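The values are calculated or read from the model by the stated rules, or taken from the named source; none is laboratory data. Please read these numbers as outputs of a predicted model, since none were measured by experiment. Methodologically, a virtual Cβ is constructed for each residue, glycine included, from the backbone with ideal geometry; neighbour enumeration extends over all protein chains shown. When the accessible area is computed, the model is the full protein with side chains, heavy atoms only, and any ligands, DNA or RNA have been set aside. Shrake-Rupley method; radii C 1.70, N 1.55, O 1.52, S 1.80 Å.
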Amino acid sequence: MSSGSSTPSGSDSKRQRVLPVPKAAANMRTFDPDSSIVSDIIPSPNYGERNKGRQPDMIVLHYTGMPDVEGALARLCTAGTEVSAHYVVLEDGRIVQCVPEAKRAWHAGVSSWAGEDDINSCSIGIEIINRGHDWGYPEYPLRQIAAVIALCRGIMLRRKVPTHRVLGHSDVSPARKKDPGEKFPWHSLANSGVGHWVTPAPVVRGESLMLGTISDAVLSMQQALARYGYGVPLNGKYDAATMEVVTAFQRHFRPARLDGVADHSTLSTLQALLASLPQETTEVASK
């Protein structure tokens with residue numbers, strides 16, 4: 001497959017515009033796509049080797065958070081930006097590959113999950129074209145989500161990625177990131193075998209844990225979040241860092257209310273998720 005945009009046929013050609021190839025990528029050496037559903041290769045110079053030969057067993061989903069696809073591709077495929085991803089999924093369902101899966105793309109930044117802090121080395125990064133919270137945060141088109149599902153299913157099969165290791169950027173970087181955000185339809189992905197999900201417990205009135213609380217109940221909640229994989233303090237204090245993690249959890253698993261307050265709904269949903277995991281995945285040592 002050549003670098004740049006393929007030419008669609010039939011009625012799709014009226015809807016799809018030619019992809020802009022950043023100047024820096026135009027003369028780069030191309031590569032064979034890892035997925036048969038990739039429509040375009042636009043190589044990025046921003047990648048390296050996976051640390052100690054670590055094989056990826058995680059998928060991290062992002063939104064681009066930029067006003068248009070042109071700017072997003074330029075940022076991901078231009079040397080010096082120090083940002084890249086393995087794949088980019090467009091609104092119309094086309095899939096661009098920028099970095100071979102065998103290489104370490106630079107998508108996660110400072111992040112952690114289940115005791116690992118080099119998420120770039122253990123993951124495949126997928127950027128989804130969406131303007132994000134700073135630019136109006138539109139809904140994700142159905143065609144785009146169908147493409148994300150198909151892409152993830154193939155990666156999960158090739159890389160033996162378990163369902164509970166398909167995560168959002170906000171999960172692995174709760175203090176810094178919101179993407180792919182509360183509008184992302186995680187439940188639709190889970191219905192197709194991508195990602196871990198339970199029906200969120202309903203939001204009801206009741207006692208809650210919140211910023212400033214110091215108690216054994218807070219410590220228990222922190223330990224539960226850590227068992228699931230979140231990087232959270234284990235100090236029994238509902239501090240700002242804990243609130244950020246709770247908000248990230250809500251954004252993914254209980255998006256009806258994003259307030260960083262650990263209410264009955266949040267805690268019950270967390271327990272249901274833990275109960276539905278394979279036992280060995282929850283045996284993360286508390287530190």
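In table form, for the structure just shown:
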quantity	calculated
Rounded to 5, percent antiparallel among DSSP beta bridges of the range 23-192	30 percent
Efficiency of FRET between GLN55 and LEU157 - r from beta-carbon atoms, R0 25 angstrom, step 0.05	0.95
Cα-derived Rg over Rh, computed across the chain with Rh taken as Kirkwood radius	0.99
For the range 70-165, convex hull of alpha carbons as volume per residue, Å³	122 Å³
Heavy-atom accessible surface of the chain: percent carbon and sulfur, 1.4 Å	52 percent
Derived scalar couplings ³J(HN,Hα) [the range 61-71; Karplus, 6.51 cos²θ - 1.76 cosθ + 1.60; whole Hz; x for Gly, Pro]	9, 10, 10, 6, x, 10, x, 8, 5, 4, x
Taking the range 112-258 and dividing mean pair separation by its residue count, relative contact order in percent (alpha carbons under 8 Å, at least six apart)	26 percent
Whole-number percent relative contact order across the chain, with pairs defined as alpha carbons under 8 Å at least 6 apart	16 percent
Heavy-atom accessible area order for PHE253, PHE31, largest first, 1.4 Å probe	PHE31, PHE253
Residue of GLY71, GLY136, GLY231 that the Gaussian network model of the chain assigns the largest fluctuation, springs spanning Cα pairs under 10 Å	GLY136
Highest average packing first - 119-127, 171-179, Cβ atoms within 10 Å	119-127, 171-179
Global form of the range 23-192, assessed from the alpha-carbon gyration tensor, a/c cut-off 1.5	rounded
Accessible area expressed per residue, the chain, with surrounding protein chains retained (probe 1.4 Å, Å²)	46 Å²
Within the chain, helix-based [θ] at 222 nm, where runs of 4 or more DSSP H residues each add -39,500 (n - 2.57), nearest 500	-8500 deg cm²/dmol
4 °C / 1.567 mPa s Stokes-Einstein diffusion coefficient of the range 206-281, Kirkwood radius on C-alpha pairs, µm²/s	106 µm²/s
Euclidean distance of C-alpha centroids, the range 193-254 and the range 167-182, integer Å	14 Å
